[in-house]
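No value in this document is a laboratory result; all are computed from the given coordinates. Note that this is a predicted model, so its numbers are computed, not measured. As a convention, Cβ positions derive from the backbone with ideal geometry for all residues, glycine included, and neighbour counts pool all protein chains shown.
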Amino acid sequence: MKTAARRLIIAGNWKMHTDVVDGASLVAGVIERTESLALAADLVLCPPFTHLTVAATQLSGSSISLGAQNMHPAPEGAFTGEVSARMLLTSGCRYVILGHSERRTYFDETNESVNGKVRSAVSAGLTPILCVGETLEEREAGRTETVVDEQVRRGLAGTEPETADDLVLAYEPVWAIGTGRVATPDQADQVHGHLRAIVADMFDDDFAGRVRIQYGGSVKPENAGALMARPNIDGALVGGASLDASSFEGIVRAGIEGP
Ligand code: 13P
């Protein structure tokens, strides 16, 4: 079901890594190594909030996009320490990662709170990268499809294809994040196919055929090609390996060129 209409989208989620100076060097390194590859795939860097405006200046004039890792659903207000969709947009972001499992686990985010963020991002003009994925316990109990079904349906409730046109989903099995234990291409493609079917059921086949679904969880240059060659895997959301410009380049090349 992979079609030319679905361009690969490969994003680096830096999490809480690098200081502002190291971050600027990493952005420069990624631009140098991947700028020409951005013709064949959408590339996105998601550094910490503090890096965004510097990174936006560095990336202006390049085809690499900027994204953030979280946001607050309210447009503004007395929410000390929080950042709104419009703040991200005006800092140069096009994308925002929402509902990452680390936020669900350590910051008590729920499908409902993630949904508020998704709707607010979409109405502000940001593209959400909505993360879903099961824990090891849930997988072993045979609950993977039920868990991601709920995450997608509740996470996307109240959105419409017209406004969420370039929505991105990321399947990140919790047991594969930062563990070196990657899902096999078969395992991932099966869940991605299920996610696409849910989107078709919620909206329509046309939108489901356009939604891009990234895989995330221990993606490395060595495994990226086989994953992204699968029909329903349209890119990668890369954690640890995105902190090294040459590894990130290797992943992008593997995605474009295949295994
Ligand atoms: P790793 O690539 O370090 O496993 O992290 C994946 C991830 O959480 C990306 O959002």
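Please list the equivalent ellipsoid semi-axes of segment 1-106, computed as the square roots of five times the alpha-carbon gyration tensor eigenvalues, in descending order and whole angstrom.
24, 18, 13
Amide H of Gly133: which non-local residues (sequence gap of 5 or more, or other chain) have their own amide H closer than 5 Å, using H built in the peptide plane?
Glu172
For the chain, what's the relative contact order in percent, using C-alpha pairs closer than 8 Å and at least 6 residues apart?
22
Please state the relative contact order of segment 138-259 as a whole percent: Cα pairs under 8 Å, 6+ residues apart?
26
So, in nm, how far is label Glu137 from label Met16 when the simple model puts each one 7 Å beyond its Cα toward the Cβ?
Computed distance between label sites Glu137 and Met16 equals 2.3 nm.
So what's the net charge close to Ile9: Lys and Arg +1, Asp and Glu -1, counting the other residues with Cβ under 10 Å from its Cβ?
0
Count charges around Gln69 for me, please; just the other residues with Cβ under 10 Å from its Cβ, Lys/Arg as +1, Asp/Glu as -1.
Residues close to Gln69 contribute a combined charge of +1.
Which value in Å does the Kirkwood hydrodynamic radius of the chain take, with 1/r averaged over all unlike C-alpha pairs and then inverted?
18.0
May I ask you to sort Met202, Met228 by Cβ crowding, counting other Cβ atoms within 10 Å and putting the fewest first?
Met202, Met228
Counting only helical runs of four or more DSSP H residues, what would the 222 nm mean residue ellipticity of the chain come to if each run contributes -39,500 (n - 2.57) and the total is spread over all its residues?
That calculation yields -13000 deg cm²/dmol at 222 nm.
Can you give me the Rg/Rh ratio for segment 195-241, using Cα atoms for both radii and the Kirkwood formula for Rh?
1.07
Report, by chain and number, residues whose modeled amide H sits under 5 Å from the one on Leu66, excluding near sequence neighbours (fewer than 5 apart, same chain).
Those qualifying (amide H under 5 Å, at least 5 residues apart or on another chain) are Leu45, Arg94, Tyr95.
List the trypsin sites (Lys or Arg not before Pro) in segment 170-259 that DSSP assigns to loop (not H, G, I, E or B) and whose Cβ has at most 13 other Cβ atoms within 10 Å. Which are they?
Answer in residue order: Arg181.
Could you pull out every residue, at least 5 positions away or on a different chain, whose amide H is within less than 5 Å of the one on Gly235? Hs are placed 1.01 Å off N in the peptide plane, and Pro or chain starts have none.
Those lying under 5 Å, H to H, from Gly235 are Ile9, Tyr215.
Want the number for Glu76 to Asp166: 0.36 nm per residue separation, take away the alpha-carbon distance, what's left?
Full-extension gain reported as 29.9 nm.
Below 15 angstrom from the Cβ of Trp175, what's the summed charge of the other residues (Lys, Arg +1; Asp, Glu -1)?
Computed value for this residue: -2.
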